[in-house]
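**Q** Following this message is one structure expressed as structure tokens.
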Amino acid sequence: MAKVSPSTERKARKGPSGLLKLYLISYNVASLAGWAYVLFLAIQQLIKAEDYKNVFEATWPVLIVVQSTALFEILHALLGWVRTPIMTTVMQVASRIFLIWAVNYPFPQIHSHWSYTTMVVSWCIAEIVRYSYYATNLASSVPSFITWARYTFFLVLYPTGISSELMMTYQALPYIKAQWGDMYYYAYIAVLALYVPGAPVLFNHMRIQRNKYLKESAAKKTQ
């Protein structure tokens, strides 16, 4: 078997370069800024009104754009521009797009429910950490506190985010049945059922990454 030289191995492990690297950094920084702004709008509304019922009106115009642009991440994974597993990317982005365009967009009756606020805040914090991690990793190296947040916050944010998504869809079911009929009503119930196998897959993916991070951190401390 031919021996791989250290320089060849380093090159194989090297990330994107040139215009692709610049594009990916720009994409991640722009996404980070977008999610930070959505979080700012949500918190501002909560403080100003001391109520969650108008958080939708404050955040929706920005949220719908920021979340929809995440479709590019599926393209990035398909083209091999990033190392993220394609199925994990599709599952996460598809569930978010479903909540935006198939649940919240057509049914304004559910916008004042508390689950919209908990969903958006969970999404924002998770994405601010995630895009900070990706951007700094591409630019140079990831600060330790961002890495820690990346592999710790999900333990809370995944359950709060997913439970909020389920609650939002559940709240929409009566309006789906009344406006669109039984076929769509049961189709949405089927989507809810997909969370049973899907949510553990996403959570387990992050748990595996967390265990890897903890082992690497422990190894560095012993050196």
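The values are calculated or read from the model by the stated rules, or taken from the named source; none is laboratory data. Note that this is a predicted model, so its numbers are computed, not measured. Counting neighbours? That spans all protein chains shown, and the Cβs are built from the backbone with ideal geometry, glycine included. Heavy atoms of the whole protein, side chains included, go into the accessibility calculation; ligands, DNA and RNA do not. Shrake-Rupley method; radii C 1.70, N 1.55, O 1.52, S 1.80 Å.
Yes or no, residue by residue, for (1) more than 25 Å from W180 (Cβ to Cβ); (2) in a helix (DSSP H, G or I); (3) among the basic types (K, R); (4) out of contact with any Gly (no Cβ under 6 Å at 6 or more places or on another chain):
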residue	(1), (2), (3), (4)
L63	no, yes, no, yes
V66	yes, yes, no, no
L75	yes, yes, no, yes
S95	no, yes, no, yes
Q109	no, yes, no, yes
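**Q** Additional query: If you scan segment 177-217, which residues turn out to be aliphatic (A, V, I, L, M) and either within 17 Å of T84 (Cα to Cα) or open to solvent by less than 50 Å² (accessible area, probe 1.4 Å) (or both)?
**A** Residues satisfying the conditions are A187, V191, L192, A199, V201, L202, M206, I208.
**Q** Quickly run through segment 129-158 and pick out the residues that are assigned to a helix (DSSP H, G or I) and among the hydroxyl-bearing types (S, T, Y).
**A** Y131, S132, Y133, Y134, T136, S144, T147, Y158
**Q** Does at least one position in segment 46-53 carry a residue that is open to solvent by less than 60 Å² (accessible area, probe 1.4 Å), more than 21 Å from M168 (Cα to Cα) and in contact (Cβ under 8 Å) with a residue 60 or more places away in the chain?
**A** No, the conditions are met nowhere in segment 46-53.
**Q** Name the one entry in P159, P174, P85, P108 that is within 19 Å of T59 (Cα to Cα) and either surrounded by fewer than 18 Cβ atoms within 10 Å (Cβ to Cβ) or at pLDDT 95 or above (or both).
**A** Among P159, P174, P85, P108, only P108 is within 19 Å of T59 (Cα to Cα) and either surrounded by fewer than 18 Cβ atoms within 10 Å (Cβ to Cβ) or at pLDDT 95 or above (or both).
**Q** Quick test for you: out of Y52, Y37, pick the one residue that is in a loop (DSSP other than H, G, I, E, B), of a type outside the set (A, V, I, L, M, F, W, C) and closer than 29 Å to Q109 by Cα. It would help to see each step written out before you state the result.
**A** Details: Y37 fails: in a loop (DSSP other than H, G, I, E, B).
After applying the criteria, what remains is Y52.
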